[in-house]
Amino acid sequence: MRPANLICNFKMNIKNISFKPKLIGAIITALLAALFIKFGLWQMHKAEYKLSLQQQYNKYELNEAEELPRNFSNLDELRYKKVRVSGKYLPQYEILLDNQFDGERSGYYVITPLQIEGSKDIVLINRGWIEAAENHSQVPYVNTPISRQDIEGSIWIPSQKFYTLEKKSFQSASGKSWNKVWQNMNLTYFSEIVPMKTLPIVIRMSPNVEGGFARNWVRPDDRIETHLSYAYQWYGFAIASVLIYLYLSIHRIDRSIKRK
């Protein structure tokens, strides 16, 4: 006998209770439970990833700032490392990273390239957050000093996993065409359109350094409890779907009909 027939014909009588599972219900329940478990694992993975980032953050939290490293072969090891660097800003290649929030207020991160002193290389400096205008199409003015700057901060590695619908606008040779507002920090794209070597990192400016804006940097372990809560909810949905299926498969036997 085929497994489908076994499920459809299976009956378990306990006193006046009959258990009659349906094949289509079993399939739907199995798919839903698997989907809910997958979502739960996804949230659990996000929590574990943030916990690993927090451990890396703790590794450098109490350290003094060091000279900017020259070897960038292992970016994960450099993440959150405190560094210092000197040079001059290049405001013509400045970026306003859109859709950033400080509490409930929407705004931008101001990311300004710094040409490293004694080098032709540049490194991006995240100088902090500024509030957006009520008319979001209006690009806010940013005061960027052109004198020599001494910067201290921690290394941030931008994510390479994002999707964008924004139209890309390349820098012209004359330097007149520059899209200042970006939706994502695409470091690879930036290095392609700027005529200088760009280091594969961003430095988040320390709050005690002058020349920046609001710098309430979020700790890596932020919202870990939220991710865990979501994971447990998805697991609960998986268990609930199985219990609902079992409940709907149980029927009470009418004794009078059975005697007839």
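The values are calculated or read from the model by the stated rules, or taken from the named source; none is laboratory data. As the structure is a computational prediction, the values presented were derived from the model and not from experiment. Don't worry about glycine lacking a Cβ; one is built from the backbone with ideal geometry, like all the others, and counts go over all protein chains shown.
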Report task. Would you tally the residues in region 112-121 being surrounded by 14 or more Cβ atoms within 10 Å (Cβ to Cβ), out of contact with any Lys or Arg (no Cβ under 6 Å at 6 or more places or on another chain) and not in a strand (DSSP E or B)? Result -> 1
Query raised in the report: Can we say K176 is of a type outside the set (A, V, I, L, M), out of contact with any strand residue (DSSP E or B) (no Cβ under 6 Å at 6 or more places or on another chain), at pLDDT below 95 and under 20 Å from D76 (Cα atoms)?
Result: no
Query - Output for region 84-111, where each listed residue is buried (at least 16 other Cβ atoms within 10 Å of the Cβ) and touching a Ser or Thr at 6+ places or on another chain (Cβ under 6 Å) - result: Y89, E94
Query raised in the report: Can you spot a residue in region 3-22 that is farther than 16 Å from V123 by Cα and modelled with pLDDT of 90 or more?
Result: no
Report task. Go through region 195-227 and give me each residue that's at pLDDT 95 or above and in contact with a helix residue (DSSP H, G or I) (Cβ under 6 Å, 6 or more places away or on another chain). Result -> T198
Requested in this report: Only residues that are exposed (fewer than 14 other Cβ atoms within 10 Å of the Cβ) and assigned to a helix (DSSP H, G or I): list them for region 215-232, please.
Outcome: E225, T226, S229, Y232
Query raised in the report: Does at least one position in region 154-165 carry a residue that is more than 29 Å from the chain's Cα centre (by Cα) and either among the hydrophobic types (A, V, I, L, M, F, W, C) or at pLDDT below 90 (or both)?
Result: no
